[in-house]
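These notes concern the structure reproduced below.
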Amino acid sequence: MTQTLSMSVLYKKLSAIGFPKRFVQEKGLPSWWNEELDNKPVAVLEGAGHIAQRLHLDLKSLLAENQAPQFKPLLHTKFKYHQQDKADVPEVAHQLASRVAEVVADTIKLEFKPIPSDPHQVRSEIVAKHPQVTLYSLLDYCWEHGIAVVYFKNYPKNTRKITGMIQWQYDYPVIVLSSGKTQPVCLAFDLAHEMGHLALGHIKEGILIDDDIKQDSDDREEIDSNQFAVKLLVNSFDNSLGNKKFNNAQNLKNKIFQLLENDSTIDPSALALNYGWYNKKYFALSMKCVNLINAPKEGQKTINKFLGQHLNWDELGDDNADYLDQILGE
């Protein structure tokens, strides 16, 4: 096999299972790789090793001439689907997110401290240290409780994505967030939802994957995790704006600040998002209000800044450090 092995052969095999050539070059191969190595069998064999490890593939199947590459088996996994076609499993996204969780956990030693099942208690613990329940304060709370959090969305372009995932590694959970909505409050809600799964005992081992997070889910665990997140973020102000129509985002903002005059622990942008959560036809207006209140859309940077502060890069090893640098890059 090594006599005929070339990157063109591997690219073709990988493309057939959802990994385009460019993605493999940018995310599957180490940063030092160059095209001069593509037709050198010994170098390609080494490259295949990197690809298999980074894309969570079985190396033997990748190298076999008449076999499609096979993903490595995942831990026991609980899937939360929200699309009608549940046969359309986003396996590529599952596998890549799982590999990210593995690498993160390999260099971070944490002691998991269970989260209270009452969101009001969690909220009280957070505001005892922080002025508001925000993405930043949620992240601080998670890391203090031995919960690693990473933002990752570098999937192949046409791959069906996921919104969130919890994966137990060693004795603690790693939360992977992947939403394309990177406003801090949007990622705060997704994080609070995943925290709800943990707090309510929906996952105690293995993997839980949220295909998407929807308000109209009929899954009991999703409903309960949504309610946990809502109470954590907006306390008793859930749906406090009802279905009232606002002429523009500024009017909505003014009403929100009026409502929150006596409760400074609630992030106003969370109440704007809450309005859109219950009123889908006004969701675009609610997001305009979110951006008016908190313009930056860089919540993912806050998440991975926390991660960077906990990673022990010296223990990662050169290849995993190179992999994380590529896979988590902007």
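The values are calculated or read from the model by the stated rules, or taken from the named source; none is laboratory data. Predicted model only: the values in this text are computed from it and were never measured. Quick reminder, even Gly has a Cβ in these numbers, built from the backbone with ideal geometry, and neighbours come from all protein chains shown. Keep in mind that these areas ignore ligands, DNA and RNA; they rest on the heavy atoms of the full protein, side chains included. Shrake-Rupley method; radii C 1.70, N 1.55, O 1.52, S 1.80 Å.
Observations
- Only one entry in 144, 205 is in contact with a strand residue (DSSP E or B) (Cβ under 7 Å, 6 or more places away or on another chain), open to solvent by 20 Å² or more (accessible area, probe 1.4 Å) and closer than 18 Å to residue 104 by Cβ, namely 205.
- One residue from 244, 181, 255, 214 being outside any loop (DSSP other than H, G, I, E, B) and under 25 Å from residue 282 (Cβ atoms): 255
- Within the set 211, 224, the sole residue that is touching a strand residue (DSSP E or B) at 6+ places or on another chain (Cβ under 7 Å) and either of a type outside the set (S, T, N, Q) or without any contact (Cβ under 8 Å) to a residue 60 or more places away in the chain (or both) turns out to be 211.
A quick yes/no check of all residues on (1) over 30 Å from residue 244 (Cα atoms); (2) touching a strand residue (DSSP E or B) at 6+ places or on another chain (Cβ under 6 Å); (3) among the hydroxyl-bearing types (Ser, Thr, Tyr):
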site	(1), (2), (3)
263	no, no, no
278	no, no, yes
283	no, no, no
290	no, no, no
296	no, no, no
299	no, no, no
310	yes, no, no
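- Checked against (1) at pLDDT below 95; (2) surrounded by 15 or more Cβ atoms within 10 Å (Cβ to Cβ), residue 157 passes all but a single condition, namely (2).
- Within segment 167-185, tally of residues that are more than 10 Å from the chain's Cα centre (by Cα) and either open to solvent by less than 10 Å² (accessible area, probe 1.4 Å) or of a type in the set (Val, Ile, Thr) (or both): 5
- Where a residue in segment 95-120 is under 19 Å from residue 141 (Cα atoms) and its partner, wherever it lies, is open to solvent by 20 Å² or more (accessible area, probe 1.4 Å) and among the basic types (Lys, Arg), with Cβ under 8 Å and at least six apart: 119/231; 120/231
- Count of segment 210-256 residues, restricted to those that are open to solvent by less than 10 Å² (accessible area, probe 1.4 Å), over 30 Å from residue 91 (Cβ atoms) and in contact with a His (Cβ under 7 Å, 6 or more places away or on another chain), is 0.
- Within segment 208-248, the set of residues being at pLDDT below 95 and among the β-branched types (Val, Ile, Thr) comprises 209, 213.
- Any pair with Cβ under 8 angstrom, 6 or more apart, that starts in segment 149-160 at a residue that is of a type in the set (Asp, Glu) and ends at one that is open to solvent by 40 Å² or more (accessible area, probe 1.4 Å): none
- Condition met for residue 46 (free of Cβ contacts under 8 Å to residues at least 12 places away in the same chain, under 25 Å from residue 328 (Cβ atoms) and open to solvent by 60 Å² or more (accessible area, probe 1.4 Å)): yes
- When residues of segment 258-300 are limited to those that are β-branched (Val, Ile, Thr) and outside any helix (DSSP H, G or I), the one farthest from residue 216 (Cα to Cα): 265
- Selection within segment 301-330 - of a type in the set (D, E, K, R) and assigned to a helix (DSSP H, G or I): 301, 305, 314, 315, 318, 319, 322, 325
- So residue 136, is it open to solvent by 10 Å² or more (accessible area, probe 1.4 Å) and assigned to a helix (DSSP H, G or I): yes
- For segment 299-330, the set of residues classified as more than 26 Å from residue 52 (Cβ to Cβ), out of contact with any Leu (no Cβ under 7 Å at 6 or more places or on another chain) and of a type in the set (Phe, Trp, Tyr) is empty.
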